[in-house]
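Notes follow once the structure below has been shown.
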2 protein chains.
Amino acid sequence: MSLIKDRNPQKGMRDLLPKQVELRNYVSSRILDVYKKYGFSQIETPSLENIELLSNGEGGENEKILFKILKRGEKLDLNNINDENSLVDMGLRYDLTVPMCRFYANNRAQLPQVFKIAQFGDVWRAERPQKGRFRQFKQFDIDIIGDKSTSAEIELIFATSEALMSLDFKNFKVRINDRRILSGLVKYCGFKESDYNKVFVIIDKLSKIGIEGIKEEFKKSGFSDDSVNMLIEIIQKLIETSVTIKTIESILPNIDKNVLDDLSFVIETVSKQAGRNYSIVLDITLVRGMGYYTGQIFEIETEGYKTSIAGGGRYDSLIGKFLGEATIPACGFSIGFERVISILEEQCFNVPKPKRKIVLLYSEEEISNINEIFLTAQKLRAEGNIVLVEEKSKNPKVQLDKLMEQGFDSFAVFSNGKEIEVKTLGQK
Amino acid sequence: MSLIKDRNPQKGMRDLLPKQVELRNYVSSRILDVYKKYGFSQIETPSLENIELLSNGEGGENEKILFKILKRGEKLDLNNINDENSLVDMGLRYDLTVPMCRFYANNRAQLPQVFKIAQFGDVWRAERPQKGRFRQFKQFDIDIIGDKSTSAEIELIFATSEALMSLDFKNFKVRINDRRILSGLVKYCGFKESDYNKVFVIIDKLSKIGIEGIKEEFKKSGFSDDSVNMLIEIIQKLIETSVTIKTIESILPNIDKNVLDDLSFVIETVSKQAGRNYSIVLDITLVRGMGYYTGQIFEIETEGYKTSIAGGGRYDSLIGKFLGEATIPACGFSIGFERVISILEEQCFNVPKPKRKIVLLYSEEEISNINEIFLTAQKLRAEGNIVLVEEKSKNPKVQLDKLMEQGFDSFAVFSNGKEIEVKTLGQK
């Protein structure tokens, strides 16, 4: 092997140092502990999926930025290339939802009727790298399959909120809406059903570019002026006053009464439980990107940070497509794991350290007594401490300073196979 | 989206059901807890690496079974294809050692002088699928970089043994050898240095095909009869008697005394600590596959299973190749995570369950009291129990039986918003 010149990770990907992994392990285990208490059970699917599954249209923009796997062996025919697709057979998953649907279809017979799933894993997207965006990143999803009642939505919001609280997030805001209200609104203004998704995409930008911004976007889009003016007028009315279910009922008489009752019920129930810890508010402009949502949708925002740290909703038609059934009730909530990590890092969050971290130093001539040193180490480890055994370097001050940086708080030096008392690092 | 026909995971890959993930999480957290106590700190590298890094020769056979990533955008020129390599820019890592070496070279300035690394992650190999072999599987590695003394070997063997004991593995056997003894043996018999690795590969098969088997292999290989006969004779002598360092000294006078002293020291030290829990034996026929080993090598075998469950050794020249230095001391030990899991599954190993798993059932008409039901659930969760809230199905017996299968042990039914006492499942 020749000298490797490029020591960096690949574009948009990261080497994670011990401190970073420690925080990630802590955060994921706190979240998983909460989800377990709610009866969610964890599944795992492979990182690679059939290229057809990843290109079937459900992934929207994500399908355009797949990492694709070259065919191997006889299947790869370099003399007969029609297009990119003739070269590949698999891809790296871009989310955890599509593989989970395949999993559910594949294993349904073994699964309980109401299946509460937790998933934690890597996804890959060949996006143009930018600050805070990576090409490999982790997602933490929960989903409830087989429950058509709103208790699914409520449990997802409870569990996700409790998970965030367990990480010291406070005063966050759950924004909630229903896709059927959005559709009702857009329909009421006279848009064609085939245009709904395009209109939603523009409404979605409201929080970023404001009402004047979306006016501009609508102007460029070529929709009828009447519809656009009506929509803007209603949105303005809805964001100026604090929206209630009653407001919606009066402005959009075409919305199904059950949709509004369900939304009221979820908001009331969550409010009661949330108390002063967090809040839930109706936000008629909440859209959520994915096309597959069919009912309530929700996002969590935390004080002082613009982007959401969790998002989800009901998608009753997606899994059915894998099984040839019209409807299989499903509802999910995903924590933006990397977003949560970067907020905690910004806040210099410290992983609690219940145990002592001790280093046992021995000088070179002590090697004949190494058995006693190892015995001492074993004893201290059995007591629950983290114990490092190291030869004393020529400059023990530099050595100990570096160990303090790694979180070591105590040390002992060996002489004639006997430890000199365990001392606290940093003290004279 | 049309109906998805293929619901199976891709060839050689697996969907993991809740029970499987639960076992894996338990095993990995036990192992990691032990490694942490020994002062190892966890790092992570990306799944994807530069195709050049993965094809530089250090991976041996693994480089022939890479999953390669198709170039994207402008970089992919379908009109100008010379060979496979012009189509790809990255690959999925086939092990954790090569990416760790790149990591070390990339981050050296921030790392302690003696760096004790733990790594747990997926690797991918496009092998022909067979029983117990998968195309995506997990490895659990520890490595000590920067320690040239045998205390590195000793700590690796202690930590790995303790990790296995924490999973109830007993009476396992650590086999140990030194690559320099193997080289000395082969040199002594008159083989050329360029043939050493080929000879090692044949010796490695001894435990599988026996002495007659390797005689056959040597016959086919075209080495000089004199060398082969001499080698076979020595091996026979060494496996018939129980080999000691003294035997080696008398048979192979050309071996460096320090190599033998170090080996004695490690065997003695580990024996003392192992007590009756496990044993360490010198095995002159132990080879280990990878070409990069330079010193002591070791494997762990457990009673009743032929293949090893852990393996490793010293590789002092590998990391230097990334930094343009001749030697950077390094030593590692890897637990065959999938092998350990499959042994535990065969033994019907049960993950300890300290908490109760309770299901709260409510009938449809109880929905108006759902707030009280959720409050009860929150209270029980706060006490550390796993609590599922579910609507009572039309056939509660079937529902409760299925919940028992999932490990639920208790249930309560709600009436008028009040729980009827929590009962143990399975009792009348």
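The values are calculated or read from the model by the stated rules, or taken from the named source; none is laboratory data. As the structure is a prediction and not an experimental result, all values here were calculated from the model. Here Cβ is always computed from backbone atoms with ideal geometry, including for glycine, and neighbour counts include all displayed protein chains.
Conditions tested, residue by residue: (1) under 30 Å from B:GLU372 (Cβ atoms); (2) surrounded by fewer than 20 Cβ atoms within 10 Å (Cβ to Cβ).
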site: A:LEU323; (1), (2): no, yes
site: A:ILE328; (1), (2): yes, no
site: A:LEU344; (1), (2): no, yes
site: A:VAL351; (1), (2): no, yes
site: A:VAL359; (1), (2): no, no
site: A:GLU365; (1), (2): no, yes
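Identify, from the list A:THR150, A:THR97, the residue that is away from every other protein chain (no Cβ under 11 Å) and among the polar types (S, T, N, Q).
A:THR97
Taking the conditions exactly as written (outside the structural domain of B:LEU96 (by TED's automatic domain parsing), under 27 Å from B:ASP147 (Cβ atoms), of a type in the set (Ser, Thr, Tyr) and touching a Gly at 6+ places or on another chain (Cβ under 9 Å)), does B:THR269 satisfy them or not? Criteria not met by B:THR269.
Yes or no, residue by residue, for (1) without any contact (Cβ under 8 Å) to a residue 12 or more places away in the chain; (2) within 17 Å of A:TYR38 (Cβ to Cβ):
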{"residue": "A:ASN82", "(1), (2)": "yes, no"}
{"residue": "A:MET90", "(1), (2)": "no, no"}
{"residue": "A:ASN106", "(1), (2)": "yes, no"}
{"residue": "A:VAL123", "(1), (2)": "no, no"}
{"residue": "A:PHE134", "(1), (2)": "no, no"}
{"residue": "A:PHE137", "(1), (2)": "no, no"}
{"residue": "A:ASP141", "(1), (2)": "no, yes"}
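Within segment A:47-61, how many residues turn out to be at pLDDT below 90 and either on the phi < 0 side of the Ramachandran plot or not in a loop (DSSP other than H, G, I, E, B) (or both)? Selection size over segment A:47-61: 5. Scanning segment B:290-319 for residues that are over 17 Å from B:ASN177 (Cβ atoms) and surrounded by fewer than 18 Cβ atoms within 10 Å (Cβ to Cβ), we see that the one that is modelled with the lowest pLDDT is B:LYS306. Taking every residue in segment A:259-288 that is within 23 Å of A:LEU167 (Cβ to Cβ) and pairing it with any residue that is among the aromatic types (Phe, Trp, Tyr), at least 6 positions away or on another chain, the pairs with Cβ-Cβ distances below 7 Å are A:GLN273/A:PHE158; A:GLN273/B:PHE374; A:TYR278/A:PHE172.
Is it the case, given these coordinates, that B:GLY426 is within 11 Å of another protein chain (Cβ to nearest Cβ) and assigned to a loop (DSSP other than H, G, I, E, B)?
Details: within 11 Å of another protein chain (Cβ to nearest Cβ): no; assigned to a loop (DSSP other than H, G, I, E, B): yes.
It is false that B:GLY426 is within 11 Å of another protein chain (Cβ to nearest Cβ) and assigned to a loop (DSSP other than H, G, I, E, B).
Residues in segment A:111-121 that are modelled with pLDDT of 90 or more and among the polar types (S, T, N, Q): A:GLN119 alone. Checking the structure you have, find out if any residue of segment B:274-283 is β-branched (Val, Ile, Thr), outside the structural domain of B:ILE176 (by TED's automatic domain parsing) and touching a helix residue (DSSP H, G or I) at 6+ places or on another chain (Cβ under 9 Å). So far as segment B:274-283 goes, no, none of its residues is β-branched (Val, Ile, Thr), outside the structural domain of B:ILE176 (by TED's automatic domain parsing) and touching a helix residue (DSSP H, G or I) at 6+ places or on another chain (Cβ under 9 Å).
Selection of segment A:370-399 for residues being surrounded by fewer than 16 Cβ atoms within 10 Å (Cβ to Cβ) and acidic (Asp, Glu) yields only A:GLU383. For segment B:1-25, the tally of residues that are more than 7 Å from chain A (Cβ to nearest Cβ), basic (Lys, Arg) and touching a strand residue (DSSP E or B) at 6+ places or on another chain (Cβ under 8 Å) stands at 1.
Within segment B:388-425, the set of residues being of a type in the set (Gly, Ala, Ser) and closer than 16 Å to A:VAL114 by Cα comprises B:SER393, B:GLY407. Once segment A:26-46 is narrowed to residues that are assigned to a helix (DSSP H, G or I) and facing chain B (nearest Cβ under 7 Å), the residue that is nearest to A:LYS138 (Cα to Cα) is A:LYS36. Do we have B:PHE218 as of a type in the set (Phe, Trp, Tyr) and touching a helix residue (DSSP H, G or I) at 6+ places or on another chain (Cβ under 6 Å) here? In short, yes.
Among the hydrophobic types (A, V, I, L, M, F, W, C) and either touching a Pro at 6+ places or on another chain (Cβ under 7 Å) or within 10 Å of chain A (Cβ to nearest Cβ) (or both), is that true of B:LEU92?
Judged against the criteria, B:LEU92 is a match.
Yes or no: B:LEU53 closer than 30 Å to A:ALA126 by Cβ, surrounded by 22 or more Cβ atoms within 10 Å (Cβ to Cβ) and more than 7 Å from chain A (Cβ to nearest Cβ)?
The answer is no for B:LEU53.
Of all residues in segment A:174-199, those satisfying the criterion of being surrounded by fewer than 19 Cβ atoms within 10 Å (Cβ to Cβ) and either within 25 Å of A:LYS306 (Cβ to Cβ) or out of contact with any helix residue (DSSP H, G or I) (no Cβ under 7 Å at 6 or more places or on another chain) (or both) are A:LYS187, A:TYR188, A:LYS192, A:GLU193, A:SER194, A:ASP195, A:ASN197, A:LYS198.
Under the condition of being touching an Asp or Glu at 6+ places or on another chain (Cβ under 9 Å) and of a type in the set (Ser, Thr, Tyr), the residues counted in segment A:179-206 number 1. Take segment A:363-419 and flag every residue that is touching a Lys or Arg at 6+ places or on another chain (Cβ under 6 Å), part of a strand (DSSP E or B) and at the interface with chain B (Cβ under 9 Å from one of its Cβ atoms). Hits for segment A:363-419 are A:ILE386, A:VAL387.
The residues on offer are A:LEU70, A:LEU92, A:LEU23, A:LEU32, and the sole one that is within 20 Å of the chain's Cα centre (by Cα), surrounded by 19 or more Cβ atoms within 10 Å (Cβ to Cβ) and at pLDDT 95 or above is A:LEU92. If you go through segment A:101-127 and keep only what is part of a helix (DSSP H, G or I) and either within 10 Å of chain B (Cβ to nearest Cβ) or basic (Lys, Arg) (or both), you end up with A:CYS101, A:ARG102, A:PHE103, A:TYR104, A:ALA105, A:ASN106, A:ASN107, A:ARG108, A:GLN110. With respect to the conditions (1) at pLDDT below 90; (2) more than 30 Å from A:GLU155 (Cβ to Cβ), A:VAL351 lacks only one, and its number is (2). Restricting the first residue to segment B:311-333 and requiring it to be over 24 Å from B:GLU301 (Cβ atoms), which pairs with a second residue that is in a helix (DSSP H, G or I) and among the aliphatic types (A, V, I, L, M) meet a Cβ separation below 8 Å and a spacing of at least six or different chains? Pairs that qualify, where the first residue is over 24 Å from B:GLU301 (Cβ atoms) and the partner is in a helix (DSSP H, G or I) and among the aliphatic types (A, V, I, L, M), are B:ILE319/B:ALA105; B:PHE322/B:ALA105; B:LEU323/B:ALA105; B:PRO329/B:ALA152. Would you confirm, using the coordinates I've provided, whether B:THR97 is outside the structural domain of B:ILE245 (by TED's automatic domain parsing), of a type in the set (Ser, Thr, Tyr), over 30 Å from A:ASN80 (Cα atoms) and within 22 Å of the chain's Cα centre (by Cα)? In short, yes. Tell me which residues, restricted to segment B:62-88, are farther than 19 Å from A:GLY73 by Cα, within 9 Å of another protein chain (Cβ to nearest Cβ) and part of a helix (DSSP H, G or I). Once the filter is applied, which keeps residues that are farther than 19 Å from A:GLY73 by Cα, within 9 Å of another protein chain (Cβ to nearest Cβ) and part of a helix (DSSP H, G or I), segment B:62-88 yields only B:GLY73.
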